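Novice: After the structure tokens below, expect a handful of questions from me.
The values are calculated or read from the model by the stated rules, or taken from the named source; none is laboratory data. Fair warning: this is a prediction, and the values are worked out from it, not measured in the lab. Reconstructed Cβ throughout: ideal geometry from the backbone, glycine too, with neighbour counts over all protein chains shown.
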Amino acid sequence: MSKRWLAVALCAALLVLGGCGQASPAGTPGTRTLTVWRLQEDTESGELTGREICVLPGDGDVELETAVALFAAPSGADGLVCALPDGVTVESWTLDDGDVTLSLSEPFLEADAMDRTVAALCAALTLCQVEGVGSVSVAVGEQVLFSRLTEADAFTRDTDTDPFVRQLRLYFADGTGRYLTGESHSLTLEEDADADRYVVEELLRGPNDPALQSAIPPGTRLLSCRTEDGVCTVDLSAEFLDGRPQTALGERLALYSLVDSLTELPQVDSVRILAEGEPVERYVYRSLDGPLARYEQAAGPAAAGEIDADLWLPLPGLEGVEPLPWRVSRGQYASEPEAVLAALLVAAEPGYPTLFPGSGTVGGVTVQDGTCTVELAGSFFASIPAEARAVAVRSMTATLCALDGVERVSFTTGGGPALFDGVDWSGPWDGTGPDMG
């Protein structure tokens, strides 16, 4: 693997020939050329991109460092501009096994989806000309937004006359197995109605990036797929049931790999999942009787300013608690236990019960000598059904005990023991919490 940080400025000796659609000039002794793909300033012609022919002094192949710098630099040709959105810079690049990963600055995440896609495709068209480069990936921080784009992926046809060529983000499990992450896949169809089938078949085929993995049980086949009135109904083979995961997390990844990928399509609002033509009453813990809507919490990783925590959520039927990764915003909270507990109290995992009364029920959270003390409002337990109070306490206890420095949890109300209806919920409890039987 090699890595380079971009130079601040290009060599002043760089020469530019210019123009949209211009063919490479015949080589002359002592010169090299690179076609840099840019955006058109005037799009009335219907063309989004154009080519700038850059002539470099010297002989031999164009160095990758030079090609990256040229791609990121302002255009020197009339009517063309750099393909990167305004304010976006290339922070660094790596080359690994023929794939160049461009690490872009944070403003790239805020750019329009079409602008991001066109910029990534222009990068692939430009950098894949360099000897030894077969594909281009684009990332911001640890988040890979486009994976292994090639020149073949860089469709530059007019979308008015060729409307069924597009880039779609499909969601696969990341290397940690905690979150879904998006990977760009090219879609070329004769009928737009086939887009939903394409998405599912691509998911079943698996990711292009070896660092990602399929979240759907192996051997699963697509039997049918149709979209009506915004609901995409996907019928999968028996392997989807036979190989179902054994954990709440595995279930979340398998279901929302399908749902979040399909709802990338503008015609899909929600997804109904069948197996061998029949409704799935319960997959692992969740009911699949109705359609599932997109769920952003399934995708990660945690961003800057977020805590990557495990929330131990009460399961459907209150049969126990299971951990699910959660991107927790620290917000105004002074400590990590405060922020994580606040997130737990308002967590809304699809298909799971919501037991807690929400914000305003916790007066304070302190940690001393491994004991986390939580001051609850006097009305806290009154707002939770009697049969759910033990599982609610276990949910809070397990969540807090998963944090560094917390070994046990104690609850108080009004400065004294947490008593309600003759039951002492004070603890202190270890990570297993009270008996739910």
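Novice: Would you point out the residue of the stretch 262-315, among those that are small (Gly, Ala, Ser) and out of contact with any strand residue (DSSP E or B) (no Cβ under 8 Å at 6 or more places or on another chain), that is modelled with the lowest pLDDT?
Specialist: Only one residue fits best here, namely ALA304.
Novice: What number of residues within the stretch 201-230 are of a type in the set (D, E, K, R), closer than 13 Å to SER261 by Cβ and touching a Ser or Thr at 6+ places or on another chain (Cβ under 9 Å)?
Specialist: Final tally of qualifying residues: 2.
Novice: Examine the stretch 415-423 for a residue that is touching a helix residue (DSSP H, G or I) at 6+ places or on another chain (Cβ under 6 Å), touching a residue at least 12 places away in the same chain (Cβ under 8 Å) and in a helix (DSSP H, G or I), and state whether such a residue exists.
Specialist: no
Novice: Among (1) in contact with a helix residue (DSSP H, G or I) (Cβ under 8 Å, 6 or more places away or on another chain); (2) assigned to a loop (DSSP other than H, G, I, E, B), which single condition is GLY378 missing?
Specialist: So the condition that GLY378 fails would be (1).
Novice: A follow-up question, please. When GLU228 is evaluated against the numbered criteria (1) under 26 Å from GLY177 (Cβ atoms); (2) more than 22 Å from the chain's Cα centre (by Cα), which criterion, by number, is the only one it fails?
Specialist: Against the list (1) under 26 Å from GLY177 (Cβ atoms); (2) more than 22 Å from the chain's Cα centre (by Cα), GLU228 comes up short only on (1).
Novice: Something else about it: When LEU249 is evaluated against the numbered criteria (1) out of contact with any helix residue (DSSP H, G or I) (no Cβ under 9 Å at 6 or more places or on another chain); (2) modelled with pLDDT under 95, which criterion, by number, is the only one it fails?
Specialist: In the conditions (1) out of contact with any helix residue (DSSP H, G or I) (no Cβ under 9 Å at 6 or more places or on another chain); (2) modelled with pLDDT under 95, LEU249 misses (2) alone.
Novice: Would you mention how many residues in the stretch 369-379 are in contact (Cβ under 8 Å) with a residue 24 or more places away in the chain and either surrounded by fewer than 23 Cβ atoms within 10 Å (Cβ to Cβ) or outside the structural domain of LEU313 (by TED's automatic domain parsing) (or both)?
Specialist: 7
Novice: A further question on this structure: Which members of the stretch 104-130 meet the condition of being surrounded by 19 or more Cβ atoms within 10 Å (Cβ to Cβ) and not aliphatic (A, V, I, L, M)?
Specialist: PHE108, ARG116, THR117, CYS122, THR126, CYS128
Novice: To continue, here is another question. What single numbered condition from (1) more than 21 Å from the chain's Cα centre (by Cα); (2) buried (at least 22 other Cβ atoms within 10 Å of the Cβ) fails to hold for LEU223?
Specialist: Evaluating LEU223 over (1) more than 21 Å from the chain's Cα centre (by Cα); (2) buried (at least 22 other Cβ atoms within 10 Å of the Cβ) leaves (2) as the failure.
Every residue, every condition in (1) small (Gly, Ala, Ser); (2) assigned to a strand (DSSP E or B); (3) touching an Asp or Glu at 6+ places or on another chain (Cβ under 6 Å); (4) in contact (Cβ under 8 Å) with a residue 12 or more places away in the chain, yes or no:
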| position | (1), (2), (3), (4) |
| --- | --- |
| THR66 | no, no, no, yes |
| PRO74 | no, no, no, no |
| GLY87 | yes, no, no, yes |
| PHE108 | no, no, no, yes |
| ARG116 | no, no, no, yes |
| ALA119 | yes, no, no, yes |
| THR126 | no, no, no, yes |
| SER147 | yes, yes, yes, yes |
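For every residue, the table says whether it meets (1) at pLDDT 60 or above; (2) assigned to a strand (DSSP E or B); (3) at negative phi.
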{"site": "CYS11", "(1), (2), (3)": "no, no, yes"}
{"site": "GLY18", "(1), (2), (3)": "no, no, no"}
{"site": "THR28", "(1), (2), (3)": "no, no, yes"}
{"site": "LEU34", "(1), (2), (3)": "yes, yes, yes"}
{"site": "LEU39", "(1), (2), (3)": "yes, yes, yes"}
{"site": "ARG51", "(1), (2), (3)": "yes, yes, yes"}
{"site": "VAL55", "(1), (2), (3)": "yes, yes, yes"}
